[in-house]
Amino acid sequence: MAIIDVSNNLEDFRVKINVSDNSMTLIIDHYSGKAETVTVPAFLGKIPVTTIGSYSFLLEEKIKQITISEGIVSIEQSAITSCEKLESIILPKSLTSIGDGAFNDCPMLTNIKLPENLVSIGYEAFENCESLTSIHLPKNLVKLGEGVFSGCNSLTEITVAKKNPAFKAVDGVLFTKNMNTLLFYPGGRKGDYIVPDSVFEIHPGAFHNCKELTRITLPEELISLKGEIFIGCEKLLNITVQGQNSFFSGIDGVLVNKEKKFLIRYPKGRRNKNYIVPDTVLTIGHGAFYECKFLKNIVLPENLVLIGDETFSGCEGLNTITFPNKLKFIGERAFENCPNLKTITLSKKTKLGCRALDGFSGKLIYKN
């Protein structure tokens, strides 16, 4: 692969040329314009444009000034974005691939039609496209990277071409073709949601930042929840698990494992000031109470042995917390951004992960 300068031919586009098997194709490597409507060219001469490169429309940060004072280096950066005004983009029929983060942080993008020859879309390609309300996936698309539409808070509907062999959409929600895996729930969709009975797995990030989701019901056959499930679901009040699920359960709307020993997620939207963790719980998972801003007091069970990373991070209302004597470990950044936390009481035998008490400026009390 070699870079060629075609600035005179393509104005605001910089491209790379890919040579393989005696054929040549073009990759859009960078867009530097600031137009509201952009048409991506289909050809340069007779060479087709087949790829929108990774992060090609993304924000640029340029160093304005570097200063050194008393051995400390300070870097002042200026941010220049190519896509902050981009509302509509027209893609060529020749396009087969959109790279990682290609349209990441294009806040005004509302109109994009994916061409039928498109085969793959990379990791976080449309992340934080906050004005995007709907998108149609074409028939030849077979690869979607993780977090493709994460942070698209206005997205309410995804549709898929009927002949697509890999994906299917039902009521605007994206699944694998066989309906066994839920891939993405649109971030702007409002109200309650019942996950279909056919779903065995929920993909990482599928419900990330779904700010309007209020209640969710998980199916009896669900066996896998990957990643930081339901992070950023600000209005989520209740998590229910149907039937005799072999892996998951719910206790008063809080998600736990089947044996009720592992607390997975406390719904962020609840306005309860107090919460008593069930006596059966031995482990509180990664980010289980992440940004639960209304909680002031949490009572932990005597048999609790482990607290995961970022468990109470962002719990702005939390006042005091006492850990049981049997607690063996507190994970990384467990109390980050807890400005009102005044006291933490724990055993001297409890081990702390890296930066476990970062951001805590209150009184640390050791017992026994």
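The values are calculated or read from the model by the stated rules, or taken from the named source; none is laboratory data. Remember, predicted model here, so these are calculated numbers, not experimental data. So basically every Cβ, Gly included, is an ideal-geometry build from the backbone, and we count neighbours across all protein chains shown.
Does the stretch 35-57 hold any residues that are modelled with pLDDT of 85 or more and not hydrophobic (A, V, I, L, M, F, W, C), and which are they?
Listed by number, the residues that qualify are GLU36, THR37, THR39, PRO41, LYS46, PRO48, THR50, THR51, GLY53, SER54, TYR55, SER56.
Tell me which of these GLY145 doesn't satisfy, since it passes every other one: (1) over 17 Å from ALA206 (Cα atoms); (2) in contact with a strand residue (DSSP E or B) (Cβ under 7 Å, 6 or more places away or on another chain); (3) modelled with pLDDT under 95.
(1) is the only condition that GLY145 fails.
Right, GLU302: buried (at least 17 other Cβ atoms within 10 Å of the Cβ) and not aliphatic (A, V, I, L, M) or not?
Criteria not met by GLU302.
Could you list, in sequence order, all residues of the stretch 325-352 that are assigned to a loop (DSSP other than H, G, I, E, B) and over 15 Å from THR283 (Cα atoms)? Talk me through it step by step, then tell me what you get.
At the first step, the residues of the stretch 325-352 found to be assigned to a loop (DSSP other than H, G, I, E, B) are 325-328, 331-342, 348-350.
The answer is ARG333, PHE335, GLU336, ASN337, CYS338, PRO339, ASN340, LEU341, LYS342, LYS348, LYS349.
Any idea how many residues of the stretch 168-188 are surrounded by 18 or more Cβ atoms within 10 Å (Cβ to Cβ) and either part of a loop (DSSP other than H, G, I, E, B) or modelled with pLDDT under 95 (or both)?
4
Condition test on ASN303, is it more than 27 Å from LEU237 (Cβ to Cβ), touching a Pro at 6+ places or on another chain (Cβ under 9 Å) and among the polar types (S, T, N, Q)? Outline the logic, then answer.
Details: more than 27 Å from LEU237 (Cβ to Cβ): yes; touching a Pro at 6+ places or on another chain (Cβ under 9 Å): yes; among the polar types (S, T, N, Q): yes.
Yes.
Could you check the stretch 193-311 for strands (runs of 3 or more DSSP E) lying wholly inside it with 2 or more residues that are among the aromatic types (Phe, Trp, Tyr)? Step through it out loud before you land on a result.
Details: elements: 213-218, 238-241, 248-251, 254-257, 262-265, 274-276, 297-299.
So the answer is none; nothing clears 2.
Look through ASN209, ASN245 and report the one residue that is within 21 Å of PHE289 (Cβ to Cβ) and surrounded by fewer than 23 Cβ atoms within 10 Å (Cβ to Cβ).
ASN209
Can you name the number of the only condition in (1) within 27 Å of LYS143 (Cα to Cα); (2) buried (at least 16 other Cβ atoms within 10 Å of the Cβ); (3) out of contact with any Gly (no Cβ under 8 Å at 6 or more places or on another chain) that SER224 fails?
Exception for SER224: condition (2).
How many residues are outside any loop (DSSP other than H, G, I, E, B) and either surrounded by fewer than 20 Cβ atoms within 10 Å (Cβ to Cβ) or at pLDDT below 95 (or both) if we restrict to the stretch 98-121?
So the count comes out to 4.
Restricting to the stretch 148-167, name every residue that is closer than 25 Å to THR214 by Cβ, buried (at least 18 other Cβ atoms within 10 Å of the Cβ) and touching a strand residue (DSSP E or B) at 6+ places or on another chain (Cβ under 9 Å).
Result: VAL148, PHE149, SER150, CYS152, LEU155, ILE158.
Taking the stretch 342-358, which residues are in contact with a strand residue (DSSP E or B) (Cβ under 7 Å, 6 or more places away or on another chain), farther than 16 Å from LEU327 by Cα and either touching a residue at least 60 places away in the same chain (Cβ under 8 Å) or of a type outside the set (D, E, K, R) (or both)?
THR343 - this is the single residue of the stretch 342-358 that is in contact with a strand residue (DSSP E or B) (Cβ under 7 Å, 6 or more places away or on another chain), farther than 16 Å from LEU327 by Cα and either touching a residue at least 60 places away in the same chain (Cβ under 8 Å) or of a type outside the set (D, E, K, R) (or both).
Give the stretch 265-285 a look and list any residue that's crowded, with 21+ Cβ neighbours inside 10 Å, under 24 Å from LYS326 (Cβ atoms) and out of contact with any Lys or Arg (no Cβ under 7 Å at 6 or more places or on another chain), or say none. Lay out the reasoning, then the answer.
Going through the stretch 265-285, the residues crowded, with 21+ Cβ neighbours inside 10 Å turn out to be 265-268, 281, 284-285.
In the following step, the residues that additionally are under 24 Å from LYS326 (Cβ atoms) were identified as 265-266, 281, 284-285.
ARG265, TYR266, ILE284, GLY285, listed by residue number.
So, in the stretch 217-255, how many residues would count as being polar (S, T, N, Q) and either more than 18 Å from ARG270 (Cα to Cα) or touching a helix residue (DSSP H, G or I) at 6+ places or on another chain (Cβ under 9 Å) (or both)? Give the derivation first.
Going through the stretch 217-255, the residues polar (S, T, N, Q) turn out to be 217, 224, 238, 240, 242, 244-246, 249.
Then drop every residue that is not either more than 18 Å from ARG270 (Cα to Cα) or touching a helix residue (DSSP H, G or I) at 6+ places or on another chain (Cβ under 9 Å) (or both), which leaves 224, 242, 244-246, 249.
Here the count works out to 6.
Could you tell me whether THR214 is surrounded by fewer than 18 Cβ atoms within 10 Å (Cβ to Cβ) and either among the β-branched types (Val, Ile, Thr) or modelled with pLDDT under 95 (or both)?
Working: surrounded by fewer than 18 Cβ atoms within 10 Å (Cβ to Cβ): yes; either among the β-branched types (Val, Ile, Thr) or modelled with pLDDT under 95 (or both): yes.
When the stated conditions are applied, THR214 passes them.
Please specify each residue of the stretch 192-214 satisfying the condition of being farther than 13 Å from ILE229 by Cα and touching a strand residue (DSSP E or B) at 6+ places or on another chain (Cβ under 6 Å).
Hits for the stretch 192-214 are ASP192, TYR193, ILE194, VAL195, VAL199, THR214.
Looking at (1) at pLDDT below 75; (2) in the same structural domain as PRO138 (by TED's automatic domain parsing), which one does GLN65 not meet, given that it meets all the others?
Single failed check for GLN65: (2).
When you look at GLU124, is it buried (at least 22 other Cβ atoms within 10 Å of the Cβ) and charged (D, E, K, R), yes or no?
Details: buried (at least 22 other Cβ atoms within 10 Å of the Cβ): yes; charged (D, E, K, R): yes.
The answer is yes for GLU124.
Could you please let me know if VAL305 is under 28 Å from LEU218 (Cβ atoms) and over 25 Å from the mean Cα position of the chain (by Cα)?
Spelling it out, VAL305 is indeed under 28 Å from LEU218 (Cβ atoms) and over 25 Å from the mean Cα position of the chain (by Cα).
Consider ASN238 carefully, then state whether it is at pLDDT below 95 and either surrounded by 16 or more Cβ atoms within 10 Å (Cβ to Cβ) or β-branched (Val, Ile, Thr) (or both).
no
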